[in-house]
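Below is one structure; the comments refer to it alone.
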Amino acid sequence: MTFWKFCSFEGVSVPLEWSYGSRCVKPPIIYGDVSRPKAMTVFWSSMAQNMTKRPMKGMLTGPVTIVNWSFIRNDQQRSETSYQIALAIKDEVEDLEKAGITIIQIDEAALREGLPLRKSEQSFYIEWAVHSFRITNCGVKDTTQTEEVADRIKKILAVLERKFVWVNPDCGLKTREYSEVQPALTNMVDAAKLIRTELACAK
């Protein structure tokens, strides 16, 4: 995964660790302060953009997901490690924007996986998790779309202009059987068609 290119990240050669469904991972070890010595995805995103006239979307894993899917250092708060990763991702986001990538998805697929079981600790976790995500995109221009995967189209439309909303599946589909994927995609397409019809009738 591209975030292994951060400083203080080390890949592991241990057997795969089961995550969920059929998905297994080899979590990296974060052993020190995190930084980004050079661009990680700009070359490939730019090359893909040069092959099409359509907008090319940059894809980055969010800082909280990286923290939750890694073996992290235990000599500082998880929030501090997340902030360091967020600043590194922020640099990548800004470099993608400079390279002409105007749509950048920062995917927090595991944001809730680290939520503490104790209710008394949940508000602090949510506070630093959301702040970490906001750090990653705070430097982009208003014309650059930075999105987090959401699961309900109407909730998205409640806060975003429709011209900024693209309905598409997330990376979780690759961990599912076709019997699960096909109905999910059918429902997604049907929902998008229904909402387009509703929006057209509301004009």
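The values are calculated or read from the model by the stated rules, or taken from the named source; none is laboratory data. Note that the structure is predicted; figures quoted are calculated from it, not measured. Positions of Cβ are generated from backbone atoms using ideal geometry, with glycine treated the same way; all protein chains shown enter the neighbour counts.
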_Please determine whether any residue of the stretch 90-103 is outside any loop (DSSP other than H, G, I, E, B) and modelled with pLDDT under 90._
yes
*Can you tell me which residue in the stretch 38-57 is surrounded by the most Cβ atoms within 10 Å (Cβ to Cβ), limited to those that are at pLDDT below 90 and of a type outside the set (Lys, Arg)?*
Met56
_Of all residues in the stretch 131-175 being aromatic (Phe, Trp, Tyr) and modelled with pLDDT under 80, the one that is farthest from Lys193 (Cα to Cα)_ = Phe164
*Among what's in the stretch 54-89 and is charged (D, E, K, R) and outside any helix (DSSP H, G or I), pick the residue that is farthest from the chain's Cα centre (by Cα).*
Asp75
_Residues of the stretch 89-124 that turn out to be in contact with a Pro (Cβ under 7 Å, 6 or more places away or on another chain) and in contact (Cβ under 8 Å) with a residue 40 or more places away in the chain, as a count_ = 3
